[in-house]
Amino acid sequence: MFKQLNGIDAIYAGINLVGAERGHVDRGVAALKRSFILSTLALLLVTVTVWYLLLRRVISSVKRVETSLTKLARGEYEKIFDVDAPNEMLCLVEAYNNTVRTIRESKSRLHETLNELESTNAELVNRQEELIQSRNMAAIKLLASEIAHEVSNPLTSISVFLGLLNEDVNKDETREMITFMLKEVIRAQEIIHRLTDFAKKQPLNLQEVNVHELIDEATDIVLRQNAGKAICLTSSLSELPEEVFIDRMFMHQALVNVLSNAFQATPPGGSVDLRGGVEGDNLVISVEDTGSGIAPKDLPAIFDPFFTTRKEAGGSGMGLGLAKKMIELHGGQIAVHSIQGQGATFTITLPVQGDNKAEPWQTSL
């Protein structure tokens with residue numbers, strides 16, 4: 001009986017041992033499952049983190065490319081630098097940078113080509129203007145030579161006979177008129193000689209000239225020529241310097257031409273205003289008339305030789321062209337401002353610093 005009980009106990013003990021081992025196995029399996037699940041979760045977390053970081057780098061690179069493309073559309077050629085992205089994106093960025101460099105170089109070459117074209121076009125325009133000017137000057141010189149040849153002898157005869165007539169006249173008024181005529185003939189002869197010099201390209205005859213006397217002589221001639229038109233001439237010349245270094249004959253003729261043009265444009269009863277002064281290193285003389293003005297289409301050609309709006313009245317178109325050339329030879333310039341129907345203003349500007357301007361003025365004709 002006692003032995004049987006011991007066998008039963010052994011059986012129970014074996015059963016208990018098997019249950020313990022099974023529990024131990026179950027616990028191991030459970031721990032293994034937990035470990036697998038945790039590993040899987042950790043791997044998933046790492047994978048998600050890696051993908052997040054990678055996508056972040058890719059999206060950042062894509063945004064930089066997008067921003068650069070937007071700037072490129074606005075004409076801002078900027079390269080992309082310091083890109084932290086996968087190799088595929090780096091290849092895209094490098095291709096973009098190469099494209100930007102090519103566009104920038106092409107644009108630079110295009111600008112250079114455009115600048116060269118503009119320079120070439122400006123040079124062609126200047127040469128065309130020089131050619132036109134040269135042709136006009138050739139015509140002027142030819143005309144000057146012909147005038148000098150055809151008019152010199154008659155003027156000499158007139159001068160001789162006026163001198164003889166002046167000796168036989170007793171009336172003071174008549175003597176004054178004859179004396180004036182003699183001066184005009186002598187001046188005409190001098191002009192012809194200078195026109196001959198003009199055709200031969202002789203240098204300016206520069207000398208110190210009293211500006212007030214020069215202007216008085218020019219206005220006296222123009223007033224006598226237009227005595228019947230009842231045109232009022234007003235002048236304000238007190239601010240002019242006493243003397244300037246110029247070619248007296250040429251500047252006298254230029255003033256006569258500009259004043260004559262103003263008187264011809266002014267109707268009877270109108271007025272011509274003559275003003276003079278100094279602006280900086282320049283002497284400025286303006287001649288303003290109350291004529292009908294100059295049409296806008298005629299303004300660019302007003303100083304061209306042989307251009308005239310008064311052909312029916314016998315205008316030759318030489319006066320203003322010669323005046324402009326004579327003024328420019330002194331290093332000066334002449335400009336015109338006009339509103340049609342409100343008259344015109346011609347402004348002559350000449351350097352007054354004789355010591356500083358002597359060399360430039362001695363330009364050949």
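Coordinate-derived values only; no laboratory data. Just so we're clear, the structure is a prediction, and the values are computed from it rather than from any experiment. Cβ: placed from backbone, ideal geometry, glycine included. Neighbour counts: every protein chain shown.
The figures follow:
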read-out: Test: Phe263 is within 19 Å of His330 (Cβ to Cβ) and among the aromatic types (Phe, Trp, Tyr); value: no
read-out: Condition broken by Leu223, with the remaining ones in (1) in contact (Cβ under 8 Å) with a residue 12 or more places away in the chain; (2) surrounded by fewer than 18 Cβ atoms within 10 Å (Cβ to Cβ); (3) more than 24 Å from Leu329 (Cβ to Cβ); (4) not charged (D, E, K, R) satisfied; value: (1)
